[in-house]
Amino acid sequence: MHTYPPAVVAILMLAVATIMWRASKYSARGILQRQFKATFDPGGPYIECGVRFVLDDMPAPCAVRTTREGWYMVTPDAMRKWPNWSNNVAFLKQAVFIPWASLDYYRAKSPMSNWVRFDVKGTKATFFVKWDDALSLLQSGGMPLPPEHRQR
């Protein structure tokens, strides 16, 4: 059987597209944007920080605001206005609001021990926020600090 180079290239492109589509469908960013779309903007001061999603190469630049109701997260306007297809920095295409009842959080293990891990209950979504930023956000939302921090 003789295979033509254009056919091989087309098959490879289809395989890569399928892998990328499946990865985006099951990524934490994709899950959050589908299941936790924000319907309001809580206003008030935001903390700009990098949020690290498991499958992404780099932390996503996010503006985060916490309230007594939950965790509100959005990518700053400057990043959303100029997306670049070759840029490996991920961003949220829409705002996300996660109620506190849906979040478990604790200090991440090595090698990310300087981060706080947030697990979204009922999903396979996990994200990380640097320790100092996470403590500020938890305190402003009136939430207890991660367990390891309270034991010290």
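Looking at segment 113-135, which of its residues are in a loop (DSSP other than H, G, I, E, B) and either without any contact (Cβ under 8 Å) to a residue 24 or more places away in the chain or farther than 23 Å from residue 31 by Cα (or both)?
Scanning segment 113-135 gives 113, 114, 121, 122.
Taking residue 45 as the residue in question, decide whether it is loosely packed, with under 10 Cβ neighbours inside 10 Å, closer than 30 Å to residue 134 by Cβ and at pLDDT 80 or above.
yes
Residues in segment 111-150 that are farther than 19 Å from residue 45 by Cα and loosely packed, with under 14 Cβ neighbours inside 10 Å: 111, 113, 114, 121, 122, 124, 144, 147, 148, 150.
Answer yes or no: is there a residue in segment 59-67 that is part of a loop (DSSP other than H, G, I, E, B) and modelled with pLDDT of 90 or more.
Looking for residues that are part of a loop (DSSP other than H, G, I, E, B) and modelled with pLDDT of 90 or more, one finds at least one in segment 59-67, hence yes.
The values are calculated or read from the model by the stated rules, or taken from the named source; none is laboratory data. On a predicted model such as this, the values are computed, not experimentally measured, just so you know. Quick reminder, even Gly has a Cβ in these numbers, built from the backbone with ideal geometry, and neighbours come from all protein chains shown.
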